[in-house]
Each structure stands twice: as C-alpha cells, then as structure tokens.
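Notes follow once the structure below has been shown.
The values are calculated or read from the model by the stated rules, or taken from the named source; none is laboratory data. Bear in mind the structure is a predicted one, so any value in this text is a computation, not a measurement. Cβ coordinates were reconstructed from backbone atoms using ideal geometry, including for glycine residues, and neighbour counts include every protein chain displayed. To get the accessible areas, we keep the full protein, side chains included, count just its heavy atoms, and leave off ligands, DNA and RNA. Shrake-Rupley method; radii C 1.70, N 1.55, O 1.52, S 1.80 Å.
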Amino acid sequence: LRDAGAIIIAKAGMSELANWMATGMPGDYNAAGGQGYNPFDPRKDPRDATFDGRPVMQTGGSSSGIGTSANLWAANVGTETSGSILSPSNATMLAAVKPTVGRVSRWGIIPVTLDQDTAGPMAKSVSDVAIMLGAMESPKPDPNDPATLKCTPPPNRDYTTFLKADGLKGARIGIPRASYYDPVTVPGATQPRGLNPEQAKVMADAIEILKKQGAIIVDPVVIPSIAEKDPKQNFLVWGQCRSEGRGADENCSIVLEYGMKRDFNTWLASLGPSSPFKSLTELRSWNTAHAKANTLKYGQATLDSSDARDVVGDRAKYEADRAKDILLAGTNGIDAAMKTNNLDALLFPAANGAAIAAKPGYPTVLVPFGMVPNAPNPPLPAGFNAKPQPFGVSFTGMACSEPKLL
C-alpha cells in the first residue's frame, strides 16, 4: 500500500486473535484497547444479561470498519477467516472485497488457519476497494505463499477497468432462497433460519434494482448442500468445532481449531528471536499469569481447545473435515448452484454467505445498501430507541472471479 502511495495513519483495534479466543467475546473487543463501538449507534448494550460494555449495535468483527465508517481515514485492511472482512463492512456501511484465498499473499498474517485466511480491502465505495485490491495483490507469486499461484492478476493489477456502468446487463445472478432469505428449520434445530420482514424488504428492493439495470435474476437457486435431507450431508448442520473438547467433535469441523494450533505456532517461529512467545501454549500461560491485568475478561476456552489438538494425532480427522468442508461448501454448494444455473454470481443478504464461501476460499464483493431496525432478542428496554443498522448486499462467485464480481 505504501509503494502505491497510501499514507498509513493507524492500526485498527480488532477482535483479539480474530475472535478465535473465547466463546461469548463480542466483536471488536481486545484486552489491550478495550471495546469498539459502531458509529451508527455508539452506545453500550443496556440489557442486564449483556451489560458488560459490549455495543448495542454490532460492529461485525473480527476486523474493524469503525475508523473508516467514522471518516477517520479513507479505507482500511481487514483479514478474514470466515466473515471477518464482510461482517464488519456490512455492520458499518462499507464496501469490501473478500478475495479468493491466495489472491493476496497470506505471508505475515496472524492466522486462524491458512486454509481460509486472507487479507482484503474495506472502504466507502466499490471503486476504492478495487483500487486497493490491485495495490495489495503481488505482481508475481510470493515465494512465501504457494497459494499466490492460484489466480492471475489482471493487466497492471488494475481492477478499475472492470467497474463498468453497464456491467449488470445480461449478468446472471442467483437468489439462494432457502435459509439465506426464506426461513428454513435446520434438522435438529428449533428455530428457523431466514430473514425478518424488514431485511426481506431490503433484499427485494436490491433485486428490483438489479433487474432494472439489466441483470437476469435466477430465483430461486437451489444450493444442493443446503437442501440436502441427510443431516450428515447438509452444510447448515455441519458446524465449526469451537471449545467442544476432544470427543465432542463428530458433527463439526476441526479445521479452524487444528489450523490455529498448526499455523499460529508456525507464524511465531517466522518472527525469529523477536517473537515474544514460542508457542500457543506459552501465550495461554502468559494470559493466565496476567489475568489480573484483564487479559481474560471472556476467558480463552477457544484457545484452550485449539491447543489441545495434536497436530500429528489429529491430522487424519483434520484432513477428513477439510475435505468435507470443501465438498459441502464448494462442490455440492456454491459450485453446483452456479454451474447448474450458469450464474455469474450468487446474491446473499448482508454478510450471510460468508461461511459457505470461506471454506473453499471463494471471493465476495459486499456493497453497502440499506438500513434495518436493530431489534435483538431478548429485546432492548422500552424507551431505549435503538437506531437503524446498516444492511448490505454481497455478490459471491467461484475462485478468482473478482473481476467479474466487481
């Protein structure tokens, strides 16, 4: 970014260790800097059960779009494992590109797992994130990151050439209704997943605009792994193991747990003598020893669970889970939906498609769009008058499709 002429003003305060530290820790909290607040309603949550300083309006996380949204600077860089660029951008009314894993070098990123980690731009406009993406992408593959061989940069790494006013004419855009729009009760769950009426209205408005701009809307589009009746082959049932502990991970993926142990220790080693710790175990011990200094406001159960992984002994489980991740999210997920319907993109509400795109490492462009009521459950106390919150739209495609998505 500096080589391209950018002026670096600050480092954003982000969720500690990409929020892969403790269950129940709010977005944009870290022990060093405290809690970040959303500029659209920078107040604390007043409800008794969550009156611990967390924001009443979510900021997304684990990256932060707060400073950009508040006009402290023009743009910022986020890193995403599963939603950590898209979620804060949606929450603070920003545009963003979550790139294909490998489009931007992962070298130096503090990891959760390199299987899914990537850096990406966040800014006020799509043109700004397109400019940033070109600056962040290496002109040639990075010898420190073999994944940078995956995608070919555009000529001169210039993504602005793809920003065409008539770009929607003839574009085939799919609407994955089940679960992402229309309520669906997941096998084993009691509450359906889907949009509330206000969110559905925003997406209906967005779809109408796309039609008026010449897009061909394919509605509905079936994602096979979402419609799958067999719970063992349904993406919505296949969760992410997090603090379950050994022996309780049959129905969830250990990819992030395992990757954190493997890749964080490798990252520490890459720092050489300057590294403050030599392992995840040492970091956890330091946190415990300094608990009085507020290192563990929300504990570190997720780190504990990751560190309990055996990088050698759990490798077979990890490899099987990684293959299932790609099967359900990629092959029988986004790939199948797009190929069957000959789509240019899938349109997801807000950042709701982040998880299914993250597992195969696929790109998404998120665009700021509407506002919806901030109506959490349990409800806010009478008279609090919560302000409306941003609600964007996101376009997802298969690997290396950033030019088309932009």
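Tell me which aspartates and glutamates have Cα within less than 15 Å of LYS150's Cα, excluding those fewer than 8 residues away on the same chain?
Output for LYS150: ASP115, ASP117, GLU137, ASP142, GLU402.
Identify all lysines with a Cα-Cα distance to LYS387 below 17 Å; exclude those on the same chain that are fewer than 8 residues away in sequence.
Excluding near neighbours in sequence, the set is LYS44.
For the chain, what is the accessible area per residue in Å², given a 1.4 Å probe and the full set of protein chains?
45
Given charges of +1 on the Cβ of Lys and Arg and -1 on the Cβ of Asp and Glu, with all other atoms neutral, how large is the dipole of segment 164-312 about its Cα centre, in debye to the nearest 20?
320
From the residues PRO368, PRO381, VAL184, which one has its Cα farthest along the dipole of the chain in the positive direction, the dipole being from +1 and -1 charges on Cβ of Lys/Arg and Asp/Glu about the Cα centre?
PRO368
Within the accessible area of segment 333-406, what % is carbon and sulfur when the probe is 1.4 Å and the other protein chains stay in place?
54
Separation of segment 302-375 and segment 239-278 by C-alpha centroid, Å?
So the separation of the two Cα centres works out to 18 Å.
Could you work out the relative contact order of the chain, using alpha carbon pairs under 8 angstrom and six or more residues apart, expressed as a whole percent?
19
Take the solvent-accessible surface of the protein heavy atoms, probe 1.4 Å, and return the percent of it on segment 109-164 that carbon and sulfur atoms account for.
So the carbon and sulfur contribution to the accessible surface is 58 percent.
Before rounding to the nearest 500, sum -39500 (n - 2.57) across all DSSP H runs of length at least 4 in the chain and divide by the residue total; then give [θ] at 222 nm in deg cm²/dmol.
Here the helix-only value at 222 nm equals -7000 deg cm²/dmol.
Binning at 5 Å from 0, report for segment 232-328 what percent of all alpha-carbon pair distances ends up in each bin.
Calculated over all Cα pairs of segment 232-328, the distribution is 2, 13, 20, 20, 17, 13, 8, 5, 1, 0 percent.
Which one of GLY272, GLY134, GLY33 has the biggest mean-square fluctuation once the chain is modelled by GNM with Cα springs under 10 Å?
GLY272
Match the structure shown to one of the listed values (1) 5, 22, 34, 28, 11, 1, 0; (2) 4, 17, 25, 28, 18, 6, 2, 1, 0, 0; (3) 4, 18, 25, 21, 14, 10, 5, 2, 1, 0 of P(r) over Cα pairs in 10 Å bins from 0, in percent, computed from it, and give that label.
(1)
Hey, got the dipole for the chain? About the Cα centre, +1 on K and R Cβ, -1 on D and E Cβ, debye to the nearest 20?
The dipole of the chain has a size of about 360 debye.
Leaving ligands, DNA and RNA out of it, rank TRP286, TRP20, TRP267 by accessible area with a 1.4 Å probe, largest first.
Descending accessible area places them as TRP286, TRP267, TRP20.
Of ALA382, ALA75, ALA31, which has the largest mean-square fluctuation in a 10 Å C-alpha GNM of the chain?
Maximum among the listed residues: ALA382.
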